[in-house]
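Have a look at the structure below, then the notes.
The values are calculated or read from the model by the stated rules, or taken from the named source; none is laboratory data. All of these numbers come straight from a predicted model, not from anything done at the bench. Every residue, glycine as well, gets a Cβ built from its backbone with ideal geometry; the counts of neighbours run over all protein chains shown. Quick note on the areas: whole protein, heavy atoms, side chains included, nothing else; ligands and nucleic acids left out. Shrake-Rupley method; radii C 1.70, N 1.55, O 1.52, S 1.80 Å.
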Amino acid sequence: MPKELFGTDGIRGLPGVPPLDDATLYAAGLSLGEYLARQHGGAHVLIGMDTRESGPHIASVLAGGLRKTGATVAFAGVITTPGVACLVRQNDFQAGVVISASHNPYQDNGIKLFSHAGMKFPDSAEEEIERDIFRHRAEELSRGGALAHPSAPLVADESLDAEYLEFLRARLIPGANLSGYDAITL
């Protein structure tokens, strides 16, 4: 069955409009949390984002759905996509979520899911999660309501950013001349 929500690089669109409306985002958090519980017996998920204005809201709605399933959520705040992939792989996270629309226009945003390996989930996993997203939305609509979506603001754990920067520092070539890069705190 072809995927409707997940494109080649996650779910993208305009925040507030399906598929990035609160109901779908909350259902995505629920669905990811349930998928991880089936696969791992529980879930610890890392969320990171780029600097787009809608990122904090999207993160909090997703986290609300994840927490509803019993998942724990760590929030890295603003961090690169490779940073989330690296931290997921190096730590005890069953998944990572990056909130970004990459090169798309500034008003767009999106979510990209990473497995514990720090790689995009296989298509079969995305298809399973997508089916659950539609199921959660349909169940709520049949009850005549909208999905509840607690959206308490998340506070970034600065130690995650520090850990990623230390990872990068450790990969510098000994003796590399970085003069002229004064804006980068190494």
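Quickly work out the LEU168-to-ARG89 label distance, labels modelled 7 Å from Cα along the C-beta direction, and quote it in nm with one decimal.
Taking the two extended label points, one gets 1.6 nm.
Using the Cα atoms of the stretch 17-97, I'd like the radius of gyration and the largest Cα-Cα distance, Dmax, both in angstrom.
12.0, 34
In debye, nearest 20, what is the charge dipole magnitude of the chain about its Cα centre with +1 on Lys and Arg Cβ and -1 on Asp and Glu Cβ, if you could check?
Working: 15 positive and 23 negative charges, 43 e Å.
My answer is approximately 200 debye.
Working from Cα positions, state the angle (0 to 90°, nearest 10) between the long axis of helix 81-90 and the longest principal axis of the chain.
90 degrees
What part of the accessible area of the stretch 1-41, given as a whole %, is carbon or sulfur when the probe is 1.4 angstrom?
Accessible surface attributable to carbon and sulfur in the stretch 1-41 totals 56 percent.
Could you tally the net charge around LEU87, taking each other residue with its Cβ under 12 Å from the Cβ of LEU87, Lys/Arg +1 and Asp/Glu -1? Write out the running numbers ahead of the final one.
Details: positive: ARG89; negative: ASP92, ASP157, ASP161, GLU163, GLU166.
Around LEU87, the surrounding residues sum to -4.
How big is the chain in terms of Cα radius of gyration and Dmax, in angstroms?
17.1, 64
Karplus couplings for the stretch 108-113 from phi (6.51 cos²θ - 1.76 cosθ + 1.60, θ = phi - 60°), rounded to Hz, Gly and Pro as x?
Each residue's phi maps through the Karplus curve to give 7, 7, x, 10, 10, 9 Hz.
Hey, what's the stretch 52-178 come to in accessible area per residue, 1.4 Å probe, Å²? Spell out each step's value before the answer.
Numbers: 6560 Å² over 127 residues.
It amounts to 52 Å² per residue over the stretch 52-178.
In degrees from 0 to 90, rounded to the nearest 10, what is the angle of the helix 22-40 Cα long axis to the longest principal axis of the chain?
Between helix and principal axis, roughly 80 degrees.
Nearest 10 degrees, 0 to 90: what angle lies between the long axis of helix 158-169 and the longest principal axis of the chain (Cα atoms)?
It is inclined by approximately 50 degrees.
Which one of ILE99, PRO18, HIS44 is farthest out on the positive end of the charge dipole of the stretch 1-104, using unit charges on Cβ (Lys, Arg +1; Asp, Glu -1) and the Cα centre as origin?
Going by the Cα projections, it comes out as HIS44.
5 Å is the cut-off here: which amide hydrogens, built 1.01 Å from N in the peptide plane, fall below it relative to LEU5, excluding neighbours closer than 5 in sequence?
none
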